[in-house]
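A quick write-up on the structure given underneath.
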Amino acid sequence: MPESASPVTFPPAFLWGAATSAYQIEGAVREDGRTPSIWDTFSHTPGKTAGGETGDIAVDHYHRYRDDVALMAELGLSAYRFSVSWSRVQPTGRGPAVQRGLDFYRHLVDELLSHGIKPAVTLYHWDLPQELEDAGGWPERDTAFRFAEYAQIVGEALGDRVEQWITLNEPWCSAFLGYGSGVHAPGRTDAAASLKAAHHLNLAHGLGTTALRSAMPARNTVAVSLNSSVVRPLSPAPADLAAVRRIDNLANGVFHGPMLHGAYPEGLFAETSSITDWSYVLDGDLAVIKQPLDALGLNYYTPALVSAAEKSAEGPRADGHGASAFSPWPGADGVAFHQTPGERTEMGWTIDPTGLHDLIMRYSREAPGLPLYITENGAAYDDKPDPEGRVHDPERIAYLHGHLAAVRGAIADGADVRGYYLWSLMDNFEWAYGYDKRFGAVYVDYATLARTPKSSAHWYGQVARTGSLPPAASAGAA
Ligand code: PNW
């Protein structure tokens with residue numbers, strides 16, 4: 001066998017997981033005391049999601065979690081990342097916890113552990129209790145303190161059996177898609193509010209990390225999952241490099257700056273001074289936000305390609321973040337987004353595994369010594385069962401193969417990557433896109449809610465069981 005065809009082996013303790021989030025899979029939105037989150041309200045508002053679709057039923061994981069865990073075990077996964085629905089646990093976003101809400105997650109965790117699957121809990125994957133939004137939402141400082149209280153409650157309830165904790169998932173999406181471009185809940189389009197939200201999400205991460213640590217055994221680990229962008233210049237011209245720096249501040253530095261270094265990135269305040277004066281960054285906040293972390297989660301799908309522009313085009317922006325006349329990039333009107341050349345997935349996102357390698361190496365330098373996890377990576381395709389009911393998705397296998405090879409390459413280059421969570425375990429509610437975009441390794445028939453592992457699920461399970469990547473040539477054939 002030629003050298004290039006030999007399998008690529010991963011470190012023995014490497015975690016092979018899949019990821020989901022509460023609102024995207026659970027359904028059962030009115031059961032056991034749960035109250036609406038901003039995503040219930042948003043998805044029930046006409047015109048906000050494709051076809052008016054909602055997470056009311058989603059894939060009914062709330063009632064099918066036992067079967068779903070059995071399926072994960074059958075496939076051979078060693079880890080599972082899921083999120084807790086805040087309004088299931090604290091219906092008003094404050095005050096005492098609802099025991100039945102906590103029980104669901106306790107049962108889920110016990111089921112995972114009994115199958116030898118390591119749970120990783122995300123506390124916040126975008127579903128703010130509606131009552132807290134009504135009180136001002138993330139632009140309101142108090143929301144960060146409410147999050148810390150919620151973190152304490154969940155930490156106390158599950159800290160004896162869950163070791164891996166993630167405070168926030170992709171705060172960039174919460175702040176800038178939720179309050180800036182408005183394509184995500186709560187659908188506000190207010191640039192100043194989006195920056196205020198970003199600061200209070202940072203504060204929530206810091207306060208939440210401290211609360212978790214006080215509530216749990218010291219052996220547990222706390223991390224955050226960032227959808228840190230790989231931002232590339234259209235040309236090496238100084239103006240394009242300046243555009244990269246500007247977007248890098250708004251995509252990455254605005255979160256990792258305070259969280260990892262205790263400071264907002266240089267230039268950010270000046271670049272956004274026409275929008276906000278940042279007076280809500282109070283003395284002591286940055287020390288609260290910069291908590292020692294045990295790991296960093298990186299979510300990666302596609303890189304961004306930018307250049308300097310006279311003035312950004314009117315109307316919907318072609319930067320891959322959904323159609324909105326409002327930008328999710330406050331103060332960056334002088335930046336144009338371009339389509340990265342190459343093959344794309346069903347989301348229109350260009351497939352570029354070198355971006356994942358670059359992202360890992362960047363954070364290896366940004367946070368030396370901090371273990372990294374790829375907490376999301378995956379692709380949407382227009383999967384359809386064949387006449388025998390089997391679902392063949394060679395494109396997804398090729399995508400996963402390329403990105404896992406990039407992870408392995410980064411490890412060879414010295415990065416400390418400890419695990420990989422495929423997005424997603426199964427097809428689910430893809431936010432504003434509804435059920436149209438299928439990210440799952442497992443196919444869901446939305447008429448019956450039956451689950452069928454796609455060929456990529458079998459392929460990935462084999463990788464997980466063996467801890468090694470087969471030659472690329474066999475990828476499509478699995
Ligand atoms: C992430 N963007 O969402 C989320 O964490 C998942 O819940 C989601 O299903 C998955 O990726 C696929 O979309 C993102 O516009 C949504 O840059 C939008 C963007 C990035 C991530």
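The values are calculated or read from the model by the stated rules, or taken from the named source; none is laboratory data. Predicted model, so just to flag it, every value in this text is computed and none were measured. Note that we place each Cβ from the backbone using ideal geometry, even for glycine, and neighbour counts take in every protein chain shown. SASA here: full protein model, heavy atoms, side chains in, ligands and nucleic acids out. Shrake-Rupley method; radii C 1.70, N 1.55, O 1.52, S 1.80 Å.
For Gln462 and Glu149 in the same chain, what is the full-extension length gain: residue separation times 0.36 nm, less their Cα-Cα distance, in nm?
Here the answer is 108.6 nm.
Roughly speaking, what is the centre-to-centre gap between the range 266-314 and the range 194-265 when only Cα atoms are used, to the nearest Å?
Between the Cα centres of the range 266-314 and the range 194-265 lies a distance of 7 Å.
Peptides 204-210, 450-456, 62-68: what's the order by average Cβ count within 10 Å, highest mean first?
Those peptides, ordered most packed to least, come out 204-210, 450-456, 62-68.
Please report, ordered by residue number, every helix of the chain (full DSSP H runs) that is 18 Å or longer along its axis going by C-alpha atoms and whose mean Kyte-Doolittle hydropathy reaches -0.5.
Both cut-offs are met by 99-114, 142-158, 191-215, 394-412.
Could you tell me which of rounded, prolate or oblate describes the chain, using a ≥ b ≥ c as the square roots of the eigenvalues of the alpha-carbon gyration tensor, with rounded for a/c under 1.5 and, failing that, prolate when a/b is larger than b/c and oblate otherwise?
rounded
Can you tell me the FRET efficiency between Arg66 and Glu388 if r is taken as the Cβ-Cβ distance and R0 is 22 Å, rounded to the nearest 0.05?
Efficiency computed from Cβ-Cβ geometry: 0.25.
With contacts defined as alpha carbon pairs under 8 Å and 6 or more residues apart, what's the relative contact order of the range 8-474 in percent?
Across the range 8-474, relative contact order equals 18 percent.
So, R0 is 25 Å and r is the distance between the beta-carbons of Ala447 and Thr92; what FRET efficiency does that work out to, to 0.05?
It comes to 0.10.
Roughly how many percent of the accessible protein surface of the chain is carbon and sulfur, given a 1.4 Å probe and a whole-percent answer?
Solvent-exposed carbon and sulfur of the chain make up 54 percent of the total.
Rounded to whole Hz and in sequence order, give me ³J(HN,Hα) for the range 226-233 from the Karplus expression 6.51 cos²θ - 1.76 cosθ + 1.60, θ = phi - 60°, writing x for Gly and Pro.
10, 8, 4, 8, 8, 10, 10, x
Say R0 is 35 Å: what FRET efficiency, to the nearest 0.05, do Ala323 and Glu366 get from their beta-carbon distance?
Efficiency for this residue pair is about 0.65.
Compare the Cα positions of Pro46, Thr221, Ala380 along the charge dipole of the chain (+1 at Cβ of Lys, Arg; -1 at Cβ of Asp, Glu; about the Cα centre) and return the one farthest towards the positive end.
Thr221
Between Asp416 and residues 5 or more places away or on another chain, which pairs have amide H atoms under 5 Å apart, with H built 1.01 Å from N, and which residues are they?
Leu372
Skip the ligands, DNA and RNA, and give the accessible area per residue of the range 218-267 with a 1.4 Å probe, whole Å².
Accessible area per residue: 37 Å².
Using only the Cα atoms of the range 393-476, build the gyration tensor, take square roots of its eigenvalues as a ≥ b ≥ c, and label the shape rounded, prolate or oblate: rounded if a/c is under 1.5, else prolate if a/b is larger than b/c, else oblate.
The shape class here is prolate.
If you average the C-alpha positions of the range 9-81 and of the range 367-435 separately, how far apart do those two centres end up, in angstrom?
If we compute the Cα centre of each part, the gap is 16 Å.
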